[in-house]
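Rule-based calculations on the coordinates, nothing more; no lab input. Given the structure is predicted, the values throughout are model-derived calculations rather than measurements. Here the Cβ positions follow ideal geometry from the backbone for every residue, glycine too, while neighbour counts run over all protein chains shown.
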Amino acid sequence: MESSEQFKVLIVDDTPENIDVLGEILRPHYKRSVALDGERALKIAQADSPPDLVLLDIMMPGIDGYEVCRRLKDDERTRDIPVIFVTAKGQVQDETMGFELGGVDYITKPVSPPLVLARVKAHIELAVAKRQLLSQNQILEEKVEARTREIQRTQDVTIQALASLAETRDNETGSHIHRTQHYVLALAEELVTHVRFSSALDDATVSLLFKSAPLHDIGKVGVPDSILLKPGKLTDEEFEIMKQHARYGRDALLRAESDLGDETSSSFLQLARDIAYGHHEKWDGSGYPEGLAGDAIPISARLMAVADVYDALISRRCYKPPFSHEKAVSIISEGRGSHFDPAIADAFVGIHERFQQIAIQYADSDEERDNLQQAAEA
């Protein structure tokens, strides 16, 4: 603790003799300032260099000591200054009133010098310790926030690196990963108040869904070029190999999670794994790779299923022309309860125009953007 001479005590009493007595007791140990009334005391306490402690008389003309204490505690600038009442009012109810107003101690007149010094020293030390603790807590909170930002940045960089790797393998995807990322976000935001999804789709999870969605096709890095880049429809045998990309994606993310060796990795890579492995599952159990059905399919994968199919339908492929937005909406509506979770399909229908705008915003080319915009305005 700093030398006691560095601390200032404000003595408030309407009787100069009482101020002289307290001032003489404190003089060898503390800086002192004085006030003969409550208004002056408040001005001193609210100044740029406030006291470290207030010795406060109760019975004064104008505003009494109780009111001074009340105002000090109501003011954010002075509420943490310890107040010790020094008064001839020694009844239990008087002391009770003082403590209820925020006073830290109560000394009755005539005062005992050793008692005054002991109480002042103790309460200044407590106030200093409290300030130090608050400062340490603030420093700790800042360190935690910095660490959290670092972890989030690591997550973002990891996801972008992996997603970019997948994108380089598939020359047909273009802005597919960006569109599906925003489709998933739109669906999640629409469902946050739905009774079946509200508990799972909190703000943190929705944010992680948006970040993790680009990894849904990361497993395509394991598919041979002869199949992945084939300029035509796949044979049944080739399609079976293509289907393995869901498993490859899950395994790659499991390895990434293991390599990170950090408990924080599981929260965002778990969602990415669920999406990569489960976005080709179907509500009725006829999908792959596990043939999961209904709620057994992770929510993240069910959201991506709608997003991925919509984008595939409206996109040009070497084996098909792009479908119109209206046709895509119709196909997804028809898949309600078979391919897609009914509630998610309903949510999609409710915000399908938002999907259309996302498709326009993240079109693969200016020409395609113009075509989509014209179709939307038709």
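Some points to look at:
- Angle of helix 325-334 to the longest C-alpha principal axis of the chain, folded into 0 to 90 degrees and rounded to 10: 90°.
- Too-long pairs where the Cα-Cα distance tops 21 Å, listed order kept, from LYS89/LYS121; LYS143/LYS211; LYS43/LYS89; LYS243/LYS282; LYS8/LYS73; LYS43/LYS130: LYS89/LYS121; LYS143/LYS211; LYS43/LYS89; LYS43/LYS130
- Amide hydrogen neighbours beyond the local backbone of SER315, cut-off 5 Å, H modeled: PHE323
- Amide H to amide H distances under 5 Å link VAL34 with ILE11, where only residues 5 or more positions off or on other chains count and H is placed in the peptide plane.
- Sequentially through region 48-54, phi angles give Karplus couplings (6.51, -1.76, 1.60; θ = phi - 60°) of 5, 10, x, x, 8, 7, 10 Hz, Gly and Pro residues having no value and appearing as x.
- Ordering of 60-70, 244-254, 93-103 by packing is 244-254, 60-70, 93-103, highest average first (other Cβ atoms within 10 Å, averaged per residue).
- Kirkwood's formula applied to the C-alpha pairs of region 4-139 gives a hydrodynamic radius of 14.9 angstrom.
- Normalised by residue number, the volume inside the convex hull of the Cα atoms of region 170-377 is 121 Å³ per residue.
- Once the Cβ-Cβ distance of VAL128 and ILE63 is raised to the sixth power relative to R0 = 30 Å, the FRET efficiency obtained is 0.55.
- Folded to 0 to 90 degrees: helix 352-361 orientation relative to the chain principal axis, Cα: 90
- Modelled label reach - GLU100, point 7 Å along Cα→Cβ, region 42-73 residues with backbone N closer than 14 Å: 66-67, 70
- Equivalent ellipsoid semi-axes - Cα gyration tensor, the chain, angstrom: 73, 22, 18
- Kirkwood hydrodynamic radius (C-alpha pairs) into Stokes-Einstein, region 1-65, 37 °C and 0.692 mPa s, D in µm²/s: 274
- Scoring 217-229, 126-138, 194-206, 30-42 by mean Cβ neighbours within 10 Å over their residues and listing the highest first yields 30-42, 217-229, 194-206, 126-138.
- Helix 176-191 axis, angle to the chain major axis (alpha carbon atoms, nearest 10°): 60
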